[in-house]
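Remarks on the structure that follows.
What follows is calculated from the coordinates using simple rules that are stated; it is not laboratory data. Nothing here was measured: the structure is a model prediction, and the numbers come from that model. Every residue, glycine as well, gets a Cβ built from its backbone with ideal geometry; the counts of neighbours run over all protein chains shown.
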Amino acid sequence: MRTRFVYLLSIAHRRVQSWMQAEHPDATAAQAGVLFVVGAKPGALVGDVARGLSMGLPGASGLVDRMVESRLIERRPDDRDGRSWRLFLTKSGEAMRVVAQAATAEINDRLVAGFTESELDVVARWLSHVGNQFSKENRK
């Protein structure tokens, strides 16, 4: 019987997400992703967040709206384009980003425990392959 990769991937994803939410309830994985994108690129646009998180623009926009309401990020008008808004971390957002980075490091340590570098290279290559196979560009 062939390995049930879809099932295993789905179970792994749900369990990691559930563990992350239980251990670090202050921010969702999606919010942490926004904090990482905006923290790495202060002044990012919502489109930058969408691309960085591989999500659609409407979803990214809603996520940003909720994070603005929670005072984790703030919008500032773009100096060159009056229609655009630039995103910046607030002090609370920066503090949460630091916590999310530590949590991510902990999760990554748990994910790689017990595997050799060569095994992890294969896993990383496979996950990248899966992501590429099911990207928007490869839809039929």
Just need the relative contact order of segment 19-140 here, percent rounded to a whole number, with Cα pairs under 8 Å and 6+ apart. 22
Using DSSP to call loops (not H, G, I, E or B), can you name the GluC sites (Glu not before Pro) in segment 81-129 whose Cβ has at most 15 other Cβ atoms within 10 angstrom? none
I'm spelling it out carefully: the read-out is mean projected area of the Cα convex hull in nm², the candidates are (i) 11.1; (ii) 7.6; (iii) 8.5, and one was derived from this structure. Which label? (i)
Any idea which of LEU120, VAL68, VAL46 is furthest toward the positive side of the dipole for the chain, if Lys and Arg beta-carbons carry +1 and Asp and Glu beta-carbons -1? VAL46
Note to self, the chain gives a 222 nm [θ] from helices alone (DSSP H runs n ≥ 4, -39500 (n - 2.57) apiece, / all residues, nearest 500) of -21500 deg cm²/dmol
What is the magnitude of the charge dipole of segment 36-119 about its Cα centre, with +1 placed on the Cβ of each Lys and Arg, -1 on the Cβ of each Asp and Glu, and no other charges, expressed in debye to the nearest 20? 400
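Would you mind classifying segment 100-140 by shape? Square roots of the alpha carbon gyration tensor eigenvalues, ordered a ≥ b ≥ c; an a/c under 1.5 is rounded, otherwise it is prolate if a/b is larger than b/c and oblate if not. Let's see the in-between values first.
Numbers: a/c = 4.86, a/b = 1.66, b/c = 2.93.
Because a/c hits 1.5 or more and a/b fails to exceed b/c, segment 100-140 counts as oblate.
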For a quick check of your reading of the filter: which trypsin sites (Lys or Arg not before Pro) in segment 68-134 sit in a DSSP loop and have no more than 16 other Cβ atoms within 10 Å? ARG71, ARG80, ARG83
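With charges set only on the Cβ (+1 for Lys and Arg, -1 for Asp and Glu), what does the dipole of the chain come to about its Cα centre, in debye to the nearest 20? Don't skip to the end; give the middle numbers.
Numbers: 20 positive and 16 negative charges, 114 e Å.
Computed charge dipole of the chain: roughly 540 debye.
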